[in-house]
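K.L.:
My structure is below; once you've seen it, I'll send some questions.
Bear in mind these aren't lab numbers, they're just calculated from the coordinates by the rules spelled out. This one's a predicted model, so the numbers in the text were calculated from it and none came from an experiment. FYI the Cβ positions are ideal-geometry reconstructions off the backbone, even for glycines, and counts take in every protein chain you see.
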Amino acid sequence: VSRSVSGGAVKLAVELSSQGNENALSFSLSFDPAVLRNPRATPGVDGSTAQLNINTSQASAGRLGLLLALPSGQSFAVGDRELLLVDFDVMPSVEATTIDFSDQPIPREILDIGTNSLAATWTPATINLPVGYEADVAPRPFGSRDGTITIEDWIQAGRFIAVLDTPQTASNEFQRIDCSPRACGDGRLSLADWVQAGRYAAGFDTVTAACGPNNVITDLSAYTTQNSTSARMISAQNDTFISGQNGSLLITLAADGSENAFGFSLNYDADLLTFLNVSLGANATDATLYVNDRNKSNGRIGVILALPAGQIFSINDRQLLLVNFAAKPNTNIVTTVTFDDAVIVREAVDVDANTLPTAWSAATITIQTPTAIEGTDHGLPASFELGQNYPNPFNPSTSISFAVPHASRVTIKVFNLLGKEVATLVDQTFAAGRFQTTWDAVDMESGVYFYRMQAEGFVKIRKLLLVQ
């Protein structure tokens, strides 16, 4: 007996080592009906002229009866002969199963052209079943093999997509996680696979037996979703960092309301910026985040994040992530942070695990010595705060203190009595802490001015008096 396994099916070839005098054979195949179901038999290459009778009366109990006979007076030629092909549907709940010969419902017997019984040896087949189900990857390496996809599978799938774990081809982990598109994957591990695994875990799609390639394809160029003209854009926002201090790079999405998940790599100058961590932005607090920082010392990190299955980012500009760095001390320089595919391929995916064309916009980071803005050391605040300037009245400069309870973008602007903006003192992202900025009004006229702080939903306005 020979066998092959493909996707959710097993094909069994029943072969005869013929002595040249065999005319007819009868036998039964016994199998585990919890693993192999719906047996179908057809003549093989060397049995195409034979009469085939099939008894499926005990198939539900794991027994299939078969009788194959050549026309009267004919015999099988000497050598290995393919008599029958038997197909089974696979319910992959074990790693291997055996198909053996038996005598129920049809007894084993081989006859020559004179209907004399011939002695024979009957050899069973063991079938390895590294098939499992699409997205069934926890526990490693074979998954649960019970057809149930859980949040644990989705979490493990995310680790594969973030390149935190490497799938084993010997246990077909690659094949099982490569579940998008649903027709047996596409030979690559991508963000769409993670989203599809989430759909299985949420019960949105019916789980199917694993199929498709069991290793990566060599050319991924056809799968790029980069599109410089797309209205959908992932942007790293330009910012100013203070040398020797921590700064937060804001990653935003210009959403059209169909996006569920994103993946990308960031490339930065590791001599100027030290990567600290990544936190979810204000509009992505329900998302699950994975960060691959194994190459951070070389200025590369990979990020994937996804909302729960079926959820989308609402239309308009969305704050996705804050990427936190420490800026090199005693530095005044401009550097860039760009998107690329070095760790994780750039990709945007909708709720149905379809990839979406996306434009990607890099950021310019200006690193300055701490002259205009200085941190203070009074512990982390519990809320946004804007202090009264000091001195007040002042001439020609005054200091303004403010507090940030968590990483946020802050603006502080100065307006005259007519409401006209006359100065922008702060416009950047801050980590949690207490800070101070200075307004040098040497070129301004004496009078009353107002300064306003905005951060997320916080707005505070105070009055100051310049006396020249």
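K.L.:
Can you give me the relative contact order of the chain as a percent, contacts being Cα pairs under 8 Å and 6 or more apart? Before the final figure, lay out the partial values.
P.N.:
Values: 1249 pairs, mean separation 53.2, N = 468.
It rounds to 11 percent for the chain.
K.L.:
If packing is taken as the average number of other Cβ atoms within 10 Å across a peptide's residues, how do 388-395, 257-264 rank, most packed first? Walk me through the intermediate numbers first.
P.N.:
Details: 388-395: 14.2, 257-264: 22.9.
Per-residue mean Cβ counts within 10 Å order the peptides as 257-264, 388-395.
K.L.:
Give the peptides 440-447, 354-361 in descending order of average Cβ contacts within 10 Å, highest first.
P.N.:
Working: 440-447: 12.4, 354-361: 18.0.
Those peptides, ordered most packed to least, come out 354-361, 440-447.
K.L.:
Say the dipole of the chain comes from +1 at the beta carbon of Lys and Arg and -1 at that of Asp and Glu; which of A432, L36, A197 then lies farthest toward its positive end?
P.N.:
Final value for the positive-end residue is A432.
K.L.:
For segment 381-399 and segment 148-213, compute the distance between their C-alpha centroids and round to whole Å.
P.N.:
55
K.L.:
Something else about it: Treating the beta-carbon of each Lys and Arg as +1 and of each Asp and Glu as -1, no other charges, what is the dipole magnitude of the chain about its Cα centre, to the nearest 20 debye? Can you show the working numbers first?
P.N.:
Numbers: 29 positive and 47 negative charges, 230 e Å.
That gives the chain a dipole magnitude of about 1100 debye.
K.L.:
Still on this structure: Rank by packing, highest mean first: peptides 332-338, 244-250, 307-313, with packing defined as the count of other Cβ atoms within 10 Å averaged across residues. Mind dumping the intermediate values first?
P.N.:
Working: 332-338: 14.4, 244-250: 21.0, 307-313: 16.7.
My ranking of the peptides, most packed first, is 244-250, 307-313, 332-338.
K.L.:
Measure out, as a whole number of angstrom, how far apart the alpha-carbon centroids of segment 345-362 and segment 114-134 sit.
P.N.:
Between the Cα centres of segment 345-362 and segment 114-134 lies a distance of 49 Å.
K.L.:
Which Rg and Dmax, in Å, describe the Cα atoms of segment 243-286?
P.N.:
Here Rg and the maximum Cα pair distance are 13.4, 40 Å.
K.L.:
Related question: Could you give the length gained on full extension between N38 and D440, defined as 0.36 nm per residue of separation minus the Cα-Cα distance, in nm?
P.N.:
Length difference between fully extended and current span is 136.3 nm.
K.L.:
Next question, about the same structure. How long is the gain from T56 to V216 if the chain were fully straight, where each residue apart is worth 0.36 nm and the alpha carbon distance is subtracted?
P.N.:
That pair, T56 and V216, stretches by 53.5 nm at full extension.
K.L.:
Calculate how steeply helix 191-201 sits against the longest principal axis of the alpha-carbon atoms of the chain, using the helix alpha-carbon long axis, and give the answer as 0 to 90 degrees to the nearest 10.
P.N.:
70
K.L.:
How large is the direction-averaged shadow of the alpha-carbon convex hull of segment 373-466, in nm²? Could the numbers behind the result be given before it?
P.N.:
On the way: hull surface 22.3 nm².
Projected over every direction and averaged, the Cα hull of segment 373-466 covers 5.6 nm².
K.L.:
In Å, what Rg and Dmax follow from the Cα atoms of segment 233-368?
P.N.:
Over segment 233-368's Cα set, Rg and Dmax evaluate to 14.6, 49 Å.
K.L.:
Over segment 233-368, what is the relative contact order in percent, taking alpha-carbon pairs closer than 8 angstrom and at least six residues apart? Present the calculation step by step, with values, prior to reporting the outcome.
P.N.:
On the way: 376 pairs, mean separation 55.6, N = 136.
Reported as a whole number, the value is 41 percent.
K.L.:
Between segment 400-468 and segment 16-80, what's the alpha-carbon centroid distance in Å?
P.N.:
88
K.L.:
Still on this structure: From the phi angles alone, apply the Karplus equation (6.51, -1.76, 1.60; θ = phi - 60°) to segment 312-326 and give each ³J(HN,Hα) in whole Hz, x where the residue is Gly or Pro.
P.N.:
With the stated coefficients, segment 312-326 comes to 10, 7, 5, 5, 3, 6, 10, 8, 8, 9, 10, 9, 9, 10, 10 Hz.
K.L.:
Could you check the spin-label model distance between S314 and F450? Points 7 Å from the Cα along Cα→Cβ, value in nm.
P.N.:
2.8
K.L.:
Restricting attention to the alpha-carbon atoms of the chain, what are Rg (one decimal) and Dmax (integer), both in Å?
P.N.:
34.4, 126
K.L.:
With viscosity set to 1.002 mPa s at 20 °C, what whole-number translational diffusion coefficient in µm²/s follows for segment 2-128 from Stokes-Einstein and a Kirkwood radius over Cα pairs? Before the final figure, lay out the partial values.
P.N.:
Details: Rh = 14.8 Å.
D, rounded to a whole number, is 145 µm²/s.
K.L.:
Let me know the volume per residue of the alpha-carbon convex hull for segment 151-220, in Å³.
P.N.:
Details: hull volume 5.7 nm³, N = 70.
Value for segment 151-220: 82 Å³ per residue.
K.L.:
Can I ask one more? Tell me what the chain gives for mean residue ellipticity at 222 nm when only DSSP H runs of n ≥ 4 count, each as -39,500 (n - 2.57), the sum divided by the residue total, rounded to 500 deg cm²/dmol.
P.N.:
-1500 deg cm²/dmol
K.L.:
Let me ask something else about it. Evaluate the relative contact order of segment 151-220 (contact order divided by residue number), counting alpha-carbon pairs under 8 angstrom at least 6 apart; express in whole percent.
P.N.:
36
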